[in-house]
Amino acid sequence: MDIPKKMKAVVLMGPNKLEIKEVDTPAPGPQDVLINVQATAVCGSDVSLMAKPWEAQPPYGSFIIGHEYAGIVAAVGATVDEFQVGDRVAVEASYGCGRCRNCRLGYYTACLNYGNRQRGHRANGFTTNGGFAQYAVNHINTVHKIPDSVEFTEAALITNLGCILYGFQTIGGYVVGDSVAVIGPGPLGLISVGVARALCAEKVFLVGTRDSRLQMGKTMGADRLINIHQENPVEVIRKETQGIGADLVIESSGATTGPQMAVEMCKRMGKVLLVGYPEEPAPVNFSMMGMRNVHIFSVRGEGWANCGRGISLLSQGRISLKPLATHAFPLGQIEEAFRTFTERIGGAIKVIVHPNES
Ligand SMILES: [Zn+2]
Ligand SMILES: [Zn+2]
């Protein structure tokens, strides 16, 4: 593969200010691969860190954003024999540092050297350069081969599936025959529905405010849709679980009312998994939580190599992320892509950018 010295990349120049710039094509280190990026998804995290810098974010004028991408291996580092030029791959964002206690235990999304590049920490699209570019460099630990049956567009969404699988693993994972309630039909909520279905939950509830999003939940495998504007979700779930409540509640709405609603619709000794986080502190009745013995868990990112498990689910046909990729743009229309995502134009759920199309 002929690799040009310069490439086009989306650089964050200031708050909410993106610019397509010609920059040097990065070179892979000894344990890295260079990826010719075919598809990069816009994420809510991008929107958030564009508005206000996140922890250890590279400076304006140099930072290439984007952490959800897939492409073709264009070059490999000196020691790499795990991948070959031409391999189709998807990536996860976090390498971690590989040397702190959490990384050694596999908790690389919770690296204790977060943002410390001196100690080798990398989280592409957060603390190191990402994938809204023609090429990106990734440590091989963050790269997964994808079969020909999985398209780049779908593979670009793998961190979302990896995050939800990480959540299921964190709560114990065994949901066969259980009732699962998901609050918030955003990308993570919709994927939660799909995973609960794939793991053979008995009844999957989806709670939201927009009928179009709720209908997408049906496509992903929800049994019962609850529009908050029409029904009381706590009452419905109690009633339809013989007064018991859901075994597992996944809060992905990020609304300040979400965590408390989750506790109320959860059964005694049930579990609440938080994957969406409100910007403001959210009130939770902890004595209700304690009296009902509800367990609360949180996850950030796609830990424990769950992106690889996600690719397995995709290739087995147990879940499809294709319905979520509603819109696509070439790199030159990056502003349009972000606007379509944030304003949900045309019912946008996930918006894909093709960095090698102009
Ligand atoms: Zn993301
Ligand atoms: Zn670490």
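Per residue, the range 149-254 exposes 36 Å² of solvent-accessible protein surface, assessed with a 1.4 angstrom probe and all protein chains in place. For the range 266-321, the relative contact order is 39 percent, taking Cα pairs closer than 8 Å that sit 6 or more residues apart in sequence and dividing their mean separation by the residue count.
Using heavy-atom solvent-accessible surface (probe 1.4 Å) with all chains present, what is the largest-first order of Tyr277, Tyr95? The partial results should precede the final answer.
Values: Tyr277 110, Tyr95 45 Å².
From most exposed to least exposed: Tyr277, Tyr95.
In this entry, the range 1-87 is assigned a mean projected area of 6.2 nm², taken as a quarter of its C-alpha convex hull surface.
For the set His139, His354, solvent exposure ranked by accessible area (probe 1.4 Å, protein chains only) runs largest to smallest as His354, His139.
Could you work out how much longer the chain between Thr79 and Tyr107 gets when fully extended? Use 0.36 nm per residue separation minus the Cα distance between them, nm to one decimal. Show your work: numbers first, answer last.
Working: separation 28, 0.36 × 28 = 10.08 nm, distance 2.46 nm.
Computed gain between Thr79 and Tyr107 is 7.6 nm.
Each residue of the range 254-260 was assigned a 3J(HN,Hα) from its phi angle through the Karplus expression (A = 6.51, B = -1.76, C = 1.60, θ = phi - 60°), giving x, 7, 5, 8, x, x, 5 Hz with x at Gly and Pro.
Normalising by the residue count of the range 1-84, find the relative contact order in percent from Cα pairs under 8 Å and 6+ residues apart.
Values: 137 pairs, mean separation 32.9, N = 84.
In percent, rounded to a whole number, it is 39.
Per-residue ellipticity at 222 nm computed for the chain from its helices equals -7000 deg cm²/dmol, with DSSP H segments shorter than 4 residues left out and the rest contributing -39,500 (n - 2.57). Roll a 1.4 Å probe over the protein heavy atoms and report the accessible area of Asp211 in Å², nearest 10. For Asp211, the solvent-accessible surface is approximately 90 Å².
Counting every Cα pair in the range 27-144, what percent are over 19 Å apart? Every Cα pair in the range 27-144 considered, those over 19 Å come to 44 percent.
Relative to one another, the C-alpha centroids of the range 71-150 and the range 275-330 are positioned 21 Å apart. Here the chain has 50 percent of its accessible surface on carbon and sulfur atoms, given a 1.4 Å probe and all protein chains in place.
Assuming R0 = 45 Å, can you tell me the calculated FRET efficiency for the pair Glu335 and Gln118, based on Cβ-Cβ distance, to the nearest 0.05?
Once the sixth-power term is evaluated, E becomes 0.85.
With the cut-off at 18 Å, report for the range 237-332 the share of all Cα pairs above it, as a whole percent. Counting every Cα pair in the range 237-332, those more than 18 Å apart make up 61 percent.
Over all directions, the projected convex hull of the C-alpha atoms in the range 276-358 averages 9.1 nm² in area. Across the chain, the fraction of Cα-Cα pairs farther apart than 27 Å, rounded to a whole number, is 45%.
With a cut-off of 13 Å on the backbone N, the residues of the range 133-176 near the modelled label site 7 Å out from Glu202 along Cα-Cβ are 175-176. Close amide-amide hydrogen proximity is noted between Val182 and Phe205, Leu206, Val207, Ile250, each under 5 Å apart and 5 or more residues distant or on a separate chain (H modeled in the peptide plane; Pro and chain starts excluded). A full extension of the chain between Ala56 and Ala27 corresponds to an added length of 8.2 nm, given 0.36 nm per residue minus the alpha carbon distance. Note that the range 102-107 has calculated 3J(HN,Hα) couplings of 4, 4, 4, 8, x, 8 Hz, one per residue in order, obtained from phi through the Karplus relation 6.51 cos²θ - 1.76 cosθ + 1.60 (θ = phi - 60°); glycine and proline are x.
Spatially, the range 199-219 and the range 171-186 are offset by 11 Å when compared through their Cα centroids. Annotation for Tyr174 and Met291: the two label points, set 7 Å from Cα along the Cα-Cβ direction, are 3.1 nm apart. Rounded to the nearest 10 square angstrom, Thr257 shows an accessible area of 90 square angstrom against a 1.4 Å probe.
Quote the FRET efficiency, to the nearest 0.05, computed for Glu235 versus Ser149 with a Förster distance R0 of 51 Å and r equal to the Cβ-Cβ distance. Spell out each step's value before the answer.
Working: r = 43 Å, r/R0 = 0.84.
Computed FRET efficiency for Glu235 and Ser149 comes out at 0.75.
Hydrodynamic estimate: the Kirkwood radius of the range 183-233 over Cα pairs, inserted into Stokes-Einstein at 4 °C and 1.567 mPa s, corresponds to D of 124 µm²/s. With all protein chains present, calculate the accessible area of Met50 using a 1.4 Å probe and round the result to the nearest 10 Å². Spelled out: Met50, probe radius 1.4 Å, area about 10 Å². When Met216, Met291 are compared by accessible area of protein heavy atoms, the largest-first order is Met291, Met216, using a 1.4 Å probe.
For the range 266-322, how big is Rg over Rh, using alpha carbon atoms and the Kirkwood form of Rh? Could you put the intermediate results ahead of the total?
Details: Rg = 16.0 Å, Rh = 14.2 Å.
Checking Rg against Rh, the ratio lands at 1.13.
Sequence-distant contacts, meaning Cα pairs under 8 Å at least 6 residues apart, place the relative contact order of the chain at 17 percent.
Put simply, the Cα atoms of the range 179-285 extend 33, 28, 27 Å along their principal axes, the longest span coming first.
By DSSP, the beta bridges lying fully in the range 143-294 are antiparallel in about 0 percent of cases. Each residue, Glu19 and Met269, gets one label point 7 Å from its Cα in the Cβ direction; the gap between the two is 6.1 nm.
The values are calculated or read from the model by the stated rules, or taken from the named source; none is laboratory data. If you're wondering where the values come from, they're calculated on a predicted model, not measured in any experiment. Ideal geometry is used to build each Cβ from the backbone, glycine not excepted, and the neighbour counts take in all protein chains shown. The area values use the complete protein model at the heavy-atom level, side chains included, leaving out ligands, DNA and RNA. Shrake-Rupley method; radii C 1.70, N 1.55, O 1.52, S 1.80 Å.
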